[in-house]
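Please read the structure below before turning to the comments.
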Amino acid sequence: MAINPPTDIIQDVISAADPAQVEIAQAKLKAGIAVAEARKLNKVDAGFDSTLVRDHIRTTARNGGKDKEIAEPYRKFEAMVLQNFIKTMLPDSEEVYGKGSAGEIWKSMMAEQMGNEMAKGRGIGIAEQLSSRQAQRSQQEEKAELSERQSVTTQSIQRLELKALDELLPGSFAEDDKKKRV
């Protein structure tokens, strides 16, 4: 057996209620929904943070527990490259950034901040590669400088040996060496 009410009960209650109290009730419901949404987003953010921490732990474990120190100019260069990439990927929308040059400035600033934040972390590897190449170059330069020093030292020792030999045995190798130089 079905009940057929003559009118809509909920509609009757709403129409009988005070309009100011109805607005207050609706505002409370909307606020409750907003709070629930905020809590939901907060949980999502916490999950994202924990993922970042987990990734950082894995990365440092692979690097032997230490992150490479990369010089600031290399980080800034990587940030600039990332800024250009990001700026081309951002939408061209006047609704998002505004019209005219102000909109372009906002878009550029947003891309710059995103590039800086990405470069502060691990980035995409540009700074790391540049840093390692610079380290290799400086090692090669140090080896070349050491080799040059050793060569100069060896030549000086040879001269001293020839001089000492000439003092012990007059008319020997040292005089031949002098003739070659002249």
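Go through segment 68-118 and give me each residue that's assigned to a helix (DSSP H, G or I) and on the phi > 0 side of the Ramachandran plot. Once the filter is applied, which keeps residues that are assigned to a helix (DSSP H, G or I) and on the phi > 0 side of the Ramachandran plot, segment 68-118 yields only Gly100. Looking at segment 110-137 only, could you name the residues that are over 11 Å from the mean Cα position of the chain (by Cα) and closer than 16 Å to Tyr74 by Cα? Result: Glu112, Gln129, Leu130, Ser131, Ser132, Arg133, Gln134, Ala135, Gln136, Arg137.
The single condition from (1) assigned to a helix (DSSP H, G or I); (2) surrounded by fewer than 10 Cβ atoms within 10 Å (Cβ to Cβ); (3) modelled with pLDDT of 75 or more that Leu29 fails is (2).
Looking at the structure I just gave you, is Gln113 under 30 Å from Ala71 (Cβ atoms) and surrounded by fewer than 12 Cβ atoms within 10 Å (Cβ to Cβ)?
Details: under 30 Å from Ala71 (Cβ atoms): yes; surrounded by fewer than 12 Cβ atoms within 10 Å (Cβ to Cβ): no.
Taking the combined requirement at face value, the residue does not satisfy it.
The values are calculated or read from the model by the stated rules, or taken from the named source; none is laboratory data. Computed from a predicted structure; not experimentally measured. Here Cβ is always computed from backbone atoms with ideal geometry, including for glycine, and neighbour counts include all displayed protein chains.
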